[in-house]
Each structure stands twice: as structure tokens, then as C-alpha cells.
Amino acid sequence: MKHLSRSENKELNDYCHYFRGVSFNKKKLFNEAKKEFKLISVGFKFYYNVRLTLGDIALKQKEFKKALQYFQEIESLKKSDTYGFNTSNVIHNIGLCYLHLNQFDKAEVNLFKGAKLQEIEKDTLLLVGSYMDIASLYYNQYKDNQAIPYFKKAYDLSKKVKSFELRRTATLNMAVVEENRKNFPLAITYRKEYEAWKDSLNDQNKVWEIADLEKKFAVKQKQKEVNVLAAENKVKIAERNGFLISSVLLFVLLGTGVYFYRQKIRNNKIILAQKNELDELNATKDKLFSIVSHDLRSSVNALKVSNGKLLENLESKNYSELDVLLHKNSSIASGAYNLLDNLLNWALLQTQQGYFYQESLHLARIVEHVEYNYKPLMLNKNIDFKINVSASDHVFADLDSLKIIIRNFLDNAIKFSKENGTISIYSRPASEEFCYLVIEDTGLGMNEATRNELLKETILLSKKQNDDIIGTGLGMQLCKSLIRKNEGKLDIESEENVGTRIIIALPKFKNHG
């Protein structure tokens, strides 16, 4: 980006400074980030986001007056599809600036206004922070009676979010509140909960040990109850005559035999079902390892051969051939990386370890983000790329999995397209429940049998139609699984040597205003 920013193209320079600024900000190099953002011209497409980020940086560096100016500038913009910022967050940050500047009246107005919008948007994560800031506002003014209910609301709401940091902060606040109220027993309870959240990731084994001890204790208690009942039964049995005793014993033996017989049949069925499932999973694993290892071996071998040619051409200074070989190496490495990335995401999905959170997503912006990563690949093949995604489409989906889906389908479109081809991403008219995203290419296409095979729910890995193209079909299976997890649908329209259309239906975010 530093080299590219020397170009005479104003728009290219703006993008270079923007990406460098974002990178510095992510690495918390705030001063460097500010230098880059201030080099961006006012006419830049995402200039509003530049000002918003500068406000966030000023807030983190405790330059509250500067931050207030930036956020008020953003607030004055009329929100539209062009400006995709979160209004409630901007208003909340304005209130936060006023709070730090001790302008409590203005802080109160803005914090409540931001919280009201977050309640309408049902943004639980931001709402917890808003409640804590409102509580701090009153607490700083010694208005404990007004502050404590908001500390309590933040604490109760934090139990519904997945952020450990928010839970810890909300719990610590409650501990401090109760200490100040001299309610030390309750304060100690909150302190213990705070420590539990603090060490929750490291103490899971201890939690299980405690649960096991509780279980053993409960079993002993039940055993004592059983022993008492057994003693009482012995006294009653001793009072009965021999005939009644024999009848009861015979009935017990018969019932016990029937019970154990049924249990044995039930256990056998469970064991058989588990065995079949395990055999199927082992077969899946073996097939997956076989295909992945074969393709990775092919990629590494291709790189090895290509690197040998690189050394030969480097000695002979054949720069034109070096350029071809370097592009080829880049393509091979990219394919191998995508394969490993899909394998990692597949493993996380199968073991249910991946983070999954559905929220309102602006579809056009997500597509634009993914597009930046693939522009160089399309330029190498001289592919004409077109985007026409409706700016009004907001879907209810998980951000990371949606990016994986779009990346895989776009990667396939590039992979199966010839030079000078065309790839288009556009949206079809939405229904009441779904938004439709279409990824269309003019590549190799496929026949009806292959199309039906790809859409089957039971298929694991698709068969390769072209041995020259690296791929296991794992990406397609991963995409289908993630689309199902997001409660969406997948359809394919294709014709051999004409092209393919991938149609992704995703749930519409109905509460979007």
C-alpha cells in the first residue's frame, strides 16, 4: 500500500491510506493510524467511516473534545444506504464524551437516546455497555438510587451475551455497589462470581470435579434413603406369612428378569446405532484424509518442480519465464491455502467449536469486502467482474460463515472460468422471508447429473470433473452445511460450456427499519 500510494490516481491513493489506517488501528498503533486517515481526501467514498474511526481513536486516547466533534459530525449525516454506520453507537459515544467532560445533562440525554435505539434494534451486546455507562453517569453524581437499578439491569442482561469481559465487568460493578452499601455478604457473592468468570476457561476441570463430588454426595444420600426403606421392608416382610413372601419374591424376580431383558435389547439397539454411525464417520474421515492428502501432496510437488524451474531461469536471467512461474506458484499456494482453510472450518463445524452468532448484515457491504481479496486473481485471468447487489438487502446470518460461503463460491467461479470470462454477483428480488444472492460465471458449467449430485443432502465430497483443477469438493459441502446452519437454501442452475449460477437464499432481517 505504501508503494501504491505514490500513484497519481487520487482514488487509489485514498484507498491505500484507508487500508493502512485500518491496519494500524487494528494493531492499536493509533498515532500511525491517525496520520494515514488525515491524508485521505474529503471526496473519498468511505470518508464518513474515516471520521467515525478517528472519533473512536480519540475516545480511546481520552481526547474527549476531539472525539465529540467527530461523532457529532457523523450524527449530522442523514443515514442512508450510502452511509452504513450504527446510529445508536454514534449517539452512545457522544453521551460517553459528555460524561467524561462532566457535562452530565447532555450525557444523560444522549446515553438514554442511544440505549432506546439499541432496545429497538435488540442489540443486547451494546445495550449492556449502555446500561453500565448510564449507571456510571449517575454514580459519578452520587445519585446511587438512580445508578444501582442500571447496574442491576446491565448485570442481568450480561447473562444473555457471550462476552466474558462484559459479564466480568457487570459482576464487578455489582460487587463494588454492594460494598459501598455495606452489604458485604452479597458483595462477597458477586466477588466470587467475578472470580469464577475470570478463571472460567482455566477452571473448567475444577467445575467438573465439583459436579462429580455433588453427584457422589447425592448418590450417597439416596443410598441412605434406600437402606432405611430396605430395613423397613425387612420388618414388614418378617410379619407376613411364608406364602405371601414366596409370591412377592417370585413377582420381583419375574419383573427384574423382564426389566433387564428389555434393557439389554434397548442397549443392543443403541450400541448398534452408535457402531453404524461410528463406521460412517470413520469412512468419511478416511476418504477426507485420502483426498486432502493427495491434493496437498500434488500442490507441494507442483511447487517443488516449479521452484526448480525458477532456480534454472534465475541463473539464465529469463525474466519473462520467471514472471510466469511466480504467478503459477502463487496460484498453487492459494489453492492449497484455501483447501487448508476449508479443512479447518469443516473441522470446527463438525466438532461444534466454531463461534456462531446471527445478526443483521448489510449484504452489499459483505460482498464488497470479499471482492477485495479476489480482484488480483480475476485480473490475472482478465475476468470481467460485475456487482449489482441491492443496497436495501439486510440478512439475518453469521458474519464469518457468510464470508466463507461467498469466498468459496467466488473462488470456484474464478477457478472454473476461462480467460476473458465474466463473473457477476447480483441480487434477485427478495421474498417475504428470504434475500437471494446470485453468483454467475461463464465458465465450464456442469451437466444435470453433476448438478443433482452436488445438491444432495447425503453427499460428502463431490467427484472432480477436471483433474487439472485442485479441489476436493470439501468447500461445496462446507458451504451447504453453513447455509443450512444459517437457515438458508441453495440452488444451482448450470449448462455445460455455458456457465453456472449459484443461488443463495438467506433469511431476511425483518426488524430492519
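Where a number appears in this text, it was derived from the coordinates with a stated rule and is not lab data. This structure is a prediction, so every number in the text was calculated from the model and none was measured. Please note: Cβ atoms are built from the backbone with ideal geometry, for glycine as well, and neighbour counts cover all protein chains shown.
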HN-Hα J in Hz across the stretch 24-40 - Karplus 6.51, -1.76, 1.60, θ = phi - 60°, x for Gly and Pro = 4, 5, 4, 8, 6, 9, 5, 5, 5, 4, 4, 4, 5, 5, 6, 8, 7
Tally the DSSP beta bridges in the stretch 355-507 and give the antiparallel ones as a percent, rounded to 5.
-> 85 percent
Which of rounded, prolate, oblate describes the stretch 217-288, given a ≥ b ≥ c as roots of the alpha-carbon gyration tensor eigenvalues and a/c under 1.5 marking rounded, otherwise prolate only if a/b is larger than b/c?
-> oblate
Those trypsin sites (Lys or Arg not before Pro) from the stretch 33-117 that are DSSP loop and have at most 11 other Cβ neighbours within 10 Å turn out to be 38, 45, 62, 78
Quick one: if you take sqrt(5λ) for each eigenvalue of the C-alpha gyration tensor of the stretch 4-204, what semi-axes come out, biggest first, whole angstrom?
-> 37, 20, 15
Using only alpha carbon positions, build the gyration tensor of the stretch 355-507, then give the equivalent ellipsoid semi-axes as the square roots of 5 times its eigenvalues, largest first, whole angstrom.
-> 23, 19, 14
Give the distance, in whole Å, between the Cα centre of the stretch 236-281 and the Cα centre of the stretch 161-183.
-> 52 Å
Residue 326 paired with residue 41, simple spin-label distance in nm, labels 7 Å along Cα-to-beta-carbon = 3.0 nm
How large are Rg and Dmax for the stretch 9-62 when only the alpha carbon atoms are used, in Å?
-> 10.4, 36
Taking R0 as 56 Å and r as the Cβ-Cβ distance between residue 318 and residue 485, the FRET efficiency 1/(1 + (r/R0)^6), rounded to the nearest 0.05, comes to 0.65
Members of 309/381; 162/485; 28/162; 160/485; 381/508 lying beyond 28 Å, as alpha-carbon distances in this model show | 381/508
